[in-house]
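Taking it in order: structure first as structure tokens, then the write-up.
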Amino acid sequence: MAKLKSITIPVSTYEYVLRYLDKAAAKIKLDENLLRIIKDPRKITIVKLPIQMDDGSFQVFTGYRVQHSTVRGPGKGGIRYHPNVNLDEVKSLAAWMTWKCAIMGIPFGGAKGGITCDPKKMSMNELERLTRRYAADLADVLGPEKDVPAPDVNTNAQTMAWIMDTYCMHRGEYSPSVVTGKPVVLGGSRGRHDATGNGVAIAVREAAKALGMKLNECTAAVQGFGNVGSIAARSLMEKGVKVVAISDVNGGLENKKGIDVNALIKYTAGNKGSISGFSGAKEISKNRILTFKCDILIPAALENVITEKNAAKVKAKIIGEGANGPTTPDADAILRKNGVTVIPDILCNAGGVTVSYFEWVQDRLGYFWSEEDVNNRLEEHLVRAFNDVFAVSREFKCSLRLAAYILAVKRVTEVLLLRGVYA
Ligand code: GLU
């Protein structure tokens with residue numbers, strides 16, 4: 001009989017979400033019926049998308065939209081284009097949106113979408129056809145009062161413009177508030193593009209303050225140089241932090257004197273988005289970034305990168321989760337034991353959805369705010385949410401992550417109880 005050498009069990013990120021949820025529920029002795037209701041997503045839509053490629057051939061892509069909760073308001077959350085997109089991931093991302101919106105106190109539930117594809121290998125025309133077909137198939141699922149998408153990994157303002165246009169053409173109406181993160185000329189909000197990254201830096205500043213650390217004496221390492229990582233790095237630099245290491249999918253950079261983030265952002269714009277070959281820093285292996293010697297670590301790429309394998313080697317004192325789900329629960333426990341303060345994703349990167357909320361409000365009013373106004377309101381919302389989570393962590397003597405889950409679960413179940421369960 002053949003010997004069984006090793007079995008690789010695929011990681012279920014949703015199992016991780018449930019583990020945190022169970023912990024939070026146990027801490028507040030949540031009624032088990034309520035827990036059962038909030039554990040499962042409310043609605044899952046899966047669509048097959050046949051698309052004609054530029055060479056004339058047809059490819060069939062799979063698209064997802066998961067509405068985890070619509071208890072506190074319409075579903076809200078981004079759409080991701082990536083080869084690894086799958087139902088388990090989209091479910092997890094949707095659940096995190098529910099908790100994120102509850103923590104920020106904005107009137108949305110949680111949703112997320114995705115298409116399994118490799119956008120880096122597709123032309124603009126192919127991406128437009130794919131996006132429009134997806135939006136057309138979901139025209140009945142989406143809506144300003146139902147479910148409001150936004151950009152996520154590998155999608156952007158142009159993607160949102162296509163979705164908005166497709167939705168409006170199908171409905172025969174002008175409904176810009178069906179998506180957020182649109183170009184400003186189409187009813188997008190000023191400040192939305194930078195909001196997630198700016199929010200990460202605000203959350204890090206608040207955590208540093210709580211720990212008695214001075215930002216102008218701190219160094220940072222940033223994993224990922226997309227919309228979140230690049231702006232978080234720039235915003236930290238503006239707050240006095242020396243950004244000593246940065247990585248992206250292609251490689252890593254190090255400069256002990258501090259990387260000029262503005263120069264790097266300019267450089268990547270002319271280098272297909274890649275940081276490789278930048279002259280203002282030394283090239284290093286991207287694998288070194290998470291354990292790089294620094295005070296502040298910003299994982300701003302994908303989920304499950306800080307695991308039980310590398311968590312003990314993390315040198316940073318603060319981790320600001322720019323990405324969704326970058327830390328596995330086992331790694332989280334190790335970091336806590338080692339005294340690392342983790343600002344959880346559902347708080348740390350919530351600046352994006354907060355300004356998405358402002359965009360939705362502005363679209364519905366038909367009245368648009370200045371960038372300064374948007375940024376001041378973002379600051380106010382994030383500081384308040386940070387303080388709320390911090391207070392819960394004191395009350396329950398627990399990590400910021402568990403505190404964030406506790407706060408979110410309390411806020412969602414409070415509304416669920418008031419609304420009751422319709423049967
Ligand atoms: N994709 C972002 C997130 O994960 C933004 C979602 C939104 O603005 O709706 O928070």
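The values are calculated or read from the model by the stated rules, or taken from the named source; none is laboratory data. No experiment lies behind these values; they were computed from the predicted model shown. Cβ: placed from backbone, ideal geometry, glycine included. Neighbour counts: every protein chain shown.
When you scan region 172-179, do you find a residue that is free of Cβ contacts under 8 Å to residues at least 24 places away in the same chain and closer than 24 Å to Lys43 by Cα, even just one?
Kept after step one, since they are free of Cβ contacts under 8 Å to residues at least 24 places away in the same chain, are these residues of region 172-179: 172-174.
With the extra rule that they be closer than 24 Å to Lys43 by Cα, the set shrinks to none.
No; the residues of region 172-179 include none that is free of Cβ contacts under 8 Å to residues at least 24 places away in the same chain and closer than 24 Å to Lys43 by Cα.
Pairs, please: C-beta under 8 Å, at least 6 apart or cross-chain, first residue closer than 16 Å to Thr413 by Cβ and hydroxyl-bearing (Ser, Thr, Tyr) and in region 88-103, second at pLDDT 95 or above and within 12 Å of the ligand (Cβ to nearest atom)?
Thr98/Gly109; Thr98/Gly110
Arg336 - would you say it is of a type in the set (Lys, Arg), within 16 Å of the ligand (Cβ to nearest atom) and out of contact with any Gly (no Cβ under 9 Å at 6 or more places or on another chain)? Working first, answer last.
On the way: of a type in the set (Lys, Arg): yes; within 16 Å of the ligand (Cβ to nearest atom): no; out of contact with any Gly (no Cβ under 9 Å at 6 or more places or on another chain): yes.
Considered against the rule, which asks whether it is of a type in the set (Lys, Arg), within 16 Å of the ligand (Cβ to nearest atom) and out of contact with any Gly (no Cβ under 9 Å at 6 or more places or on another chain), Arg336 comes out as no.
Against the definition (in a helix (DSSP H, G or I), out of contact with any Asp or Glu (no Cβ under 7 Å at 6 or more places or on another chain) and touching a residue at least 60 places away in the same chain (Cβ under 8 Å)), how does Arg377 come out, yes or no? Let's see the steps before the verdict.
Working: in a helix (DSSP H, G or I): yes; out of contact with any Asp or Glu (no Cβ under 7 Å at 6 or more places or on another chain): yes; touching a residue at least 60 places away in the same chain (Cβ under 8 Å): no.
Answer is no for this residue.
What's the number of the condition Gly181 fails, among (1) within 17 Å of the chain's Cα centre (by Cα); (2) assigned to a helix (DSSP H, G or I); (3) buried (at least 24 other Cβ atoms within 10 Å of the Cβ)?
Here Gly181 meets the rest and fails (2).
May I ask you to list the residues in region 339-364 that are among the charged types (D, E, K, R) and either modelled with pLDDT under 95 or more than 15 Å from the ligand (Cβ to nearest atom) (or both)?
Initially, region 339-364 is screened for residues among the charged types (D, E, K, R), giving 345, 359, 363-364.
The answer is Arg364, and nothing else.
Applying the selection to region 125-147, what residues are away from the ligand (no atom under 16 Å from the Cβ), in contact (Cβ under 8 Å) with a residue 24 or more places away in the chain and either of a type in the set (A, V, I, L, M) or not in a helix (DSSP H, G or I) (or both)?
The answer is Leu127, Leu130, Ala136, Ala139.
May I ask you to list the residues in region 44-87 that are among the aromatic types (Phe, Trp, Tyr) and without any contact (Cβ under 8 Å) to a residue 12 or more places away in the chain?
Result: Phe58, single match.
Could you check Lys146 against (1) surrounded by 20 or more Cβ atoms within 10 Å (Cβ to Cβ); (2) touching a Pro at 6+ places or on another chain (Cβ under 8 Å); (3) closer than 16 Å to Trp360 by Cα and say which number it fails?
Against the list (1) surrounded by 20 or more Cβ atoms within 10 Å (Cβ to Cβ); (2) touching a Pro at 6+ places or on another chain (Cβ under 8 Å); (3) closer than 16 Å to Trp360 by Cα, Lys146 comes up short only on (1).
Could you grab me the full set of residues in region 90-123 that are within 14 Å of the ligand (Cβ to nearest atom), among the polar types (S, T, N, Q) and more than 18 Å from Val17 (Cβ to Cβ)?
Scanning region 90-123 gives no hits.
This table checks each residue for (1) under 30 Å from Lys257 (Cβ atoms); (2) surrounded by fewer than 18 Cβ atoms within 10 Å (Cβ to Cβ).
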residue	(1), (2)
Leu290	yes, no
Lys309	no, yes
Val314	yes, no
Thr328	no, no
Asp332	no, no
Pro344	no, no
Glu359	no, no
Arg377	no, yes
Glu380	no, yes
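Among the residues of region 105-115, what is the count of those that are buried (at least 24 other Cβ atoms within 10 Å of the Cβ) and more than 14 Å from Ile79 (Cβ to Cβ)? Give the derivation first.
Just the residues of region 105-115 that are buried (at least 24 other Cβ atoms within 10 Å of the Cβ), to begin with: 108-115.
From what's left, more than 14 Å from Ile79 (Cβ to Cβ): 108-109.
Residues meeting the conditions: 2.
State which residue pairs qualify: first residue touching a residue at least 24 places away in the same chain (Cβ under 8 Å) and of a type in the set (Asp, Glu) and inside region 300-320, second residue surrounded by 14 or more Cβ atoms within 10 Å (Cβ to Cβ) and in a loop (DSSP other than H, G, I, E, B) in any location, beta carbons under 7 Å apart, and separation of 6 or more residues or different chains.
Here the result reads Glu303/Ala323; Glu303/Asn324; Glu303/Gly325; Glu303/Pro326; Glu308/Thr328, each pair linking region 300-320 to a residue that is surrounded by 14 or more Cβ atoms within 10 Å (Cβ to Cβ) and in a loop (DSSP other than H, G, I, E, B).
Checking the conditions here, which among Val200, Val228, Val222, Val204 is crowded, with 24+ Cβ neighbours inside 10 Å and not in a helix (DSSP H, G or I)? Step through it out loud before you land on a result.
Working: Val200 fails: not in a helix (DSSP H, G or I); Val228 fails: not in a helix (DSSP H, G or I); Val204 fails: not in a helix (DSSP H, G or I).
After applying the criteria, what remains is Val222.
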